[in-house]
Number of protein chains: 2
Amino acid sequence: MASITINHVAARAGVSIKTVSRVLNREAHVQERTREKVLEAVAALGYRPNLAARALASSRAYLIGLYYDNPAASYVSDLQFGAMETCRQNGYHIIVEDLADGQGSQKNDLDSLLATVSLDGVILTPPVCDRLDVLDRLDQRRLPYVRIAPAAHFERGPRVHMDDRRAAYDMTGHLLSLGHRRIGFIKGHLEHSATPLRHQGYLDAMADAGIAVNPNWVQPGNFSFRSGFGAAERLLGLPERPTAVFASNDDMALAVMAVVNRLGLSAPRDVSVAGFDDAPIAQVVWPQLTTIRQPVTQMGAVAAEILIKGLPDPSRQDVLLDFKLIVRGSTGPAPGA
Amino acid sequence: MASITINHVAARAGVSIKTVSRVLNREAHVQERTREKVLEAVAALGYRPNLAARALASSRAYLIGLYYDNPAASYVSDLQFGAMETCRQNGYHIIVEDLADGQGSQKNDLDSLLATVSLDGVILTPPVCDRLDVLDRLDQRRLPYVRIAPAAHFERGPRVHMDDRRAAYDMTGHLLSLGHRRIGFIKGHLEHSATPLRHQGYLDAMADAGIAVNPNWVQPGNFSFRSGFGAAERLLGLPERPTAVFASNDDMALAVMAVVNRLGLSAPRDVSVAGFDDAPIAQVVWPQLTTIRQPVTQMGAVAAEILIKGLPDPSRQDVLLDFKLIVRGSTGPAPGA
DNA sequence: TTGTAAGCGTTATCAA
DNA sequence: TTGATAACGCTTACAA
């Protein structure tokens with residue numbers, strides 16, 4: 001397994017290893033002719049610089065950390081996908097790490113982690129991106145990081161996010177355009193940053209349409225199927241039943257569909273149902289769910305890109321990405337509209 | 001950022017760096033007294049060995065690769081979770097890599113990857129675990145690997161898997177015990193290794209119960225919701241409708257439930273529905289899905305453990321893990337039973 | 001524009 | 001049982 005090193009390349013190209021290094025790192029002041037010789041030798045030998053040696057000798061490690069809380073969530077795995085893609089294109093690699101506070105000494109764990117493996121930067125997914133102890137430690141070590149959709153403390157580091165309020169506004173607008181007037185809304189988990197934003201988008205759209213929102217139309221939820229189930233029962237049990245229900249995420253929207261079916265009603269004929277997230281389940285129900293697709297994969301890609309190449313617009317510390325309104329079968333014209 | 005190195009520890013403990021190294025690597029021939037001094041210095045200084053330096057100087061890199069095809073699948077992210085956990089406990093880290101054959105030179109990509117980052121081993125998830133070009137390249141580099149639930153070529157490297165036939169046998173048995181006799185079965189994707197095994201388990205259970213299987217009871221599918229939908233329509237449209245349908249995965253089982261609802265029937269009152277996988281969606285439908293839980297997280301954990309500590313039983317090249325039959329609301333007594 | 005020599009923080013060799 | 005000292009493969013001063 002004697003692997004090909006920079007020395008072999010230097011020997012074959014008839015130059016010093018320093019020159020090879022210069023070519024590989026795209027440094028200036030290398031004669032075109034020399035450069036070609038080196039590149040030819042690299043290609044002929046199939047040489048690849050060793051990551052560990054690079055990391056040891058320089059400040060760059062070509063390694064990016066992806067710090068999780070719940071690694072099994074589909075949101076996070078989409079994020080990872082996007083980050084991986086960007087890393088691969090740029091010769092970087094991803095080390096994943098679970099920061100879920102398990103057995104005790106969390107602080108030491110993170111410090112060990114950072115002391116052990118040298119990284120060029122870290123991507124922080126929610127809710128890890130909001131843990132101040134994590135941010136503090138990264139700052140201490142001067143390790144760059146990008147936060148994905150943080151809930152607060154926006155001044156701390158670059159962030160990648162989308163406009164939740166606007167997305168909810170647009171979805172409500174979609175329902176309004178179908179002739180719906182009595183539109184129910186199920187809120188998300190109170191501690192999640194998106195919850196008030198989505199709620200506000202709904203309220204703004206209703207206000208702009210000149211509709212007075214009946215307080216009963218807005219029900220609490222916590223993003224779980226179960227909570228959506230209860231909320232849907234309350235909504236659809238109202239004397240004047242809403243003709244559409246907009247749930248703050250897909251799990252709860254699915255619960256609404258379940259309640260609709262149990263009541264002997266049908267979506268979208270009697271009740272239109274809309275969700276948020278475009279989770280995999282959104283396409284594995286019948287009718288398929290109208291929802292908002294978050295640019296999760298793109299968020300991962302952009303986060304990695306920021307760490308590798310810097311912010312696209314250095315005057316801004318955030319990157320705002322577009323969502324997409326996905327209209328499927330679960331929403332339709334209001335009854336009698 | 002001057003980090004704490006082995007030299008600091010050696011100085012503080014009043015020994016040479018080699019001795020520190022010996023203690024840290026649990027080598028023999030270190031006096032108990034010296035060992036204690038070193039450990040005390042390590043603790044006092046909060047010293048953590050640098051990964052890159054280790055990888056460069058030794059054969060061990062404390063790094064395990066996790067090679068994917070589709071990184072966004074919930075199956076794979078569960079696997080990753082398990083592997084991460086084991087790695088964390090043993091001071092290892094995981095580098096994830098997407099091997100989906102994208103833009104052309106796949107062979108070179110993998111070679112670059114292996115030449116660039118030194119790993120102690122690789123976990124191969126399906127379907128990557130069945131790609132002979134990948135196995136060949138790993139063998140060439142003498143890089144250990146573990147295959148997760150491979151479909152063929154079992155002689156090539158250690159593998160971690162579960163008994164799909166037995167699981168399908170047990171699920172069919174569950175339906176039989178509820179009094180069902182006309183039990184439909186939806187097959188999976190033909191190229192997936194689990195497909196014939198699950199089918200066989202169903203057939204064996206029916207045979208053992210002395211029931212002649214009507215050929216119409218077995219319908220093709222390909223693991224997609226859509227394919228399950230078609231299969232369910234054919235099954236439930238039979239003159240003598242099956243009272244239970246066992247789908248080879250959860251997505252297709254959900255499609256069965258959708259068809260049941262569309263026909264104005266109800267599960268499990270009119271038709272019992274069973275799935276396979278215990279995907280997240282299994283709990284986000286109503287009624288919740290009776291299914292088989294694969295030990296996916298455990299598979300990841302065991303795979304990592306094999307790479308770190310070797311096979312538990314060196315006389316066997318495989319580890320067989322237990323599944324679990326999860327009975328939820330979608331299955332019930334046969335009508336009139 | 002190119003090369004020499006000195007690290008980077010470990011482990012491995014071999015002598016003490 | 002311990003310790004100098006030389007790798008490991010690369011980058012970074014500093015010269016030439």
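The values are calculated or read from the model by the stated rules, or taken from the named source; none is laboratory data. Predicted, not measured: the structure shown is a model, and the values here were computed from it. All Cβ positions, glycine included, derive from the backbone under ideal geometry; neighbour counts span all protein chains shown.
Summary of computed values
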quantity: Pairs, first over 13 Å from A:ILE183 (Cβ atoms) in segment A:200-215, second not hydroxyl-bearing (Ser, Thr, Tyr), C-beta under 7 Å, six or more apart; calculated: A:GLN200/A:ARG165
quantity: When residues of segment A:9-23 are limited to those that are surrounded by fewer than 17 Cβ atoms within 10 Å (Cβ to Cβ) and either within 12 Å of another protein chain (Cβ to nearest Cβ) or in a helix (DSSP H, G or I) (or both), the one farthest from DNA strand D (Cβ to nearest atom); calculated: A:ALA11
quantity: Where a residue in segment B:47-60 is within 10 Å of DNA strand D (Cβ to nearest atom) and its partner, wherever it lies, is of a type in the set (Val, Ile, Thr), with Cβ under 8 Å and at least six apart; calculated: B:ALA52/A:VAL117
quantity: Criterion: over 24 Å from B:GLY91 (Cα atoms), touching a residue at least 24 places away in the same chain (Cβ under 8 Å), of a type in the set (A, V, I, L, M) and surrounded by 19 or more Cβ atoms within 10 Å (Cβ to Cβ) - qualifying residue of A:ILE186, A:ILE123; calculated: A:ILE186
quantity: Residue check, A:THR291 closer than 23 Å to A:ASN249 by Cα, surrounded by fewer than 24 Cβ atoms within 10 Å (Cβ to Cβ) and either touching a helix residue (DSSP H, G or I) at 6+ places or on another chain (Cβ under 7 Å) or basic (Lys, Arg) (or both); calculated: no
quantity: Identity of the residue in segment A:85-101, more than 16 Å from A:LEU51 (Cβ to Cβ) and outside any loop (DSSP other than H, G, I, E, B), that ends up farthest from the other protein chains (Cβ to nearest Cβ); calculated: A:THR86
quantity: Leading residue by the ranking (farthest from the other protein chains (Cβ to nearest Cβ)) among those in segment A:217-236 that are assigned to a helix (DSSP H, G or I) and among the small types (Gly, Ala, Ser); calculated: A:ALA231
quantity: Qualifying residue in segment B:279-290 (condition: closer than 30 Å to B:TYR92 by Cα and under 26 Å from the mean Cα position of the chain (by Cα)); calculated: yes
quantity: Counted residues, segment A:62-74 - those being more than 7 Å from chain B (Cβ to nearest Cβ) and crowded, with 19+ Cβ neighbours inside 10 Å; calculated: 7
quantity: Which numbered condition B:GLY157 misses (of (1) in the same structural domain as B:GLY300 (by TED's automatic domain parsing); (2) part of a loop (DSSP other than H, G, I, E, B); (3) on the phi < 0 side of the Ramachandran plot); calculated: (3)
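Conditions tested, residue by residue: (1) within 13 Å of another protein chain (Cβ to nearest Cβ); (2) assigned to a helix (DSSP H, G or I); (3) buried (at least 23 other Cβ atoms within 10 Å of the Cβ).
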site	(1), (2), (3)
B:LEU238	no, no, no
B:PHE246	no, no, yes
B:ALA304	yes, yes, yes
B:LEU311	no, no, no
B:PRO335	no, no, no
